[in-house]
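Have a look at this one before I ask anything.
The values are calculated or read from the model by the stated rules, or taken from the named source; none is laboratory data. Just so it is clear, the model here is predicted, and its values are computed rather than measured. Here the Cβ is made from the backbone with ideal geometry for all residues, glycine too, and neighbour counts use every protein chain on show. Surface areas here come from the heavy atoms of the whole protein model, side chains and all, with no ligands, DNA or RNA. Shrake-Rupley method; radii C 1.70, N 1.55, O 1.52, S 1.80 Å.
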Amino acid sequence: MSGNILAHIYLALTIILTVFSQILIKWRITDKFSGLSLPENLADKLSFLLHLIFDPFIFTGLVATFASGLFWMATMTKLEISYAYPFTSLGFVLVLLFSVLLLGECINIYKILGVFFIILGIFITSRG
């Protein structure tokens with residue numbers, strides 16, 4: 001397999017795992033922990049956050065985030081950062097898409113315009 005193809009696979013996995021993590025964590029917090037807020041005192045905050053971290057779904061999201069970081073490091077061994085980094089903006093596009101489709105979040109003209117400009121920016125920067 002060509003190093004360039006492998007580099008793009010690493011980059012795609014970085015983006016996919018990042019998006020998966022964000023959607024999973026948001027879904028779980030909204031589903032199970034909706035209505036709860038961060039307590040005021042430090043001990044209760046730490047207890048609350050530890051409870052969140054060890055929820056199996058949130059923990060899976062955190063592992064996905066860590067794996068994404070590993071794939072990003074692999075990407076950096078094969079591609080210039082000025083080329084690869086703009087592609088990570090696809091995460092914004094995919095999070096918006098999946099947040100609408102899976103979480104029922106709203107979409108408006110400003111978000112659509114933002115996605116258009118992100119894609120245009122990726123197209124332009126990938127040419128240089």
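With the contact rule set at Cα under 8 Å and sequence spacing of 6 or more, what percent relative contact order holds for the chain?
Relative contact order of the chain: 37 percent.
Working out 0.36 nm times the residue gap between residue 65 and residue 97, then minus their Cα-Cα distance, what length gain in nm do you get to one decimal?
Numbers: separation 32, 0.36 × 32 = 11.52 nm, distance 1.90 nm.
Going from the current span to full extension adds 9.6 nm.
Based on alpha-carbon centroids, what's the gap between the stretch 69-128 and the stretch 1-57 in Å, whole number please?
With the stretch 69-128 and the stretch 1-57 each reduced to a Cα centre, they are spaced 18 Å.
Another question, if that's okay. For the chain, what does the helix formula give at 222 nm: sum of -39500 (n - 2.57) over DSSP H segments with n ≥ 4, over the residue count, nearest 500 deg cm²/dmol? Each step should come with its number before you reach the end.
Values: 6 runs with 100 residues, N = 128.
Helix-only estimate at 222 nm: -26000 deg cm²/dmol.
By how many degrees, 0 to 90 and rounded to 10, does the Cα axis of helix 42-53 deviate from the longest principal axis of the chain?
With both axes taken from Cα atoms, the answer is about 60 degrees.
What are the ³J(HN,Hα) couplings of the stretch 65-79, residue after residue, when phi is run through the Karplus curve with 6.51, -1.76, 1.60 and θ = phi - 60°? Round to Hz, x for glycine and proline.
With the stated coefficients, the stretch 65-79 comes to 4, 4, 4, 4, x, 5, 5, 5, 4, 5, 4, 5, 6, 10, 10 Hz.
Something else: Which residues among the stretch 20-37 fall inside the zone where the amide N is under 14 Å from a point 7 Å beyond the Cα of residue 105, along Cα→Cβ?
20-31
Let me ask you something else. Sort 105, 40 by heavy-atom solvent-accessible area, probe 1.4 angstrom, most to least.
Working: 105 75, 40 165 Å².
Output order, biggest surface exposure first: 40, 105.
Suppose the chain between residue 78 and residue 50 were pulled fully straight at 0.36 nm per residue; how much longer would it get relative to their current alpha carbon spacing? Spell out each step's value before the answer.
Values: separation 28, 0.36 × 28 = 10.08 nm, distance 3.66 nm.
Difference between extended and current length: 6.4 nm.
List, in order, the whole-Hz ³J(HN,Hα) value for each residue of the stretch 102-116 obtained from phi through the Karplus relation with A = 6.51, B = -1.76, C = 1.60 and θ = phi - 60°; use x for Gly and Pro.
9, 10, x, 6, 7, 10, 9, 4, 5, 5, 5, 4, x, 4, 4
Further question on the same structure: Would you please state the base-10 log of I(q)/I(0) at q = 0.13, 0.14 1/Å for the stretch 1-67, with intensities from the Debye formula using one equal scatterer on every alpha carbon?
Log-scaled intensity ratios, in q order: -0.48, -0.53.
Rounded to two decimals, what is Rg over Rh for the chain when you use alpha-carbon atoms and the Kirkwood radius?
Taking Rg over the Kirkwood Rh, I get 1.05.
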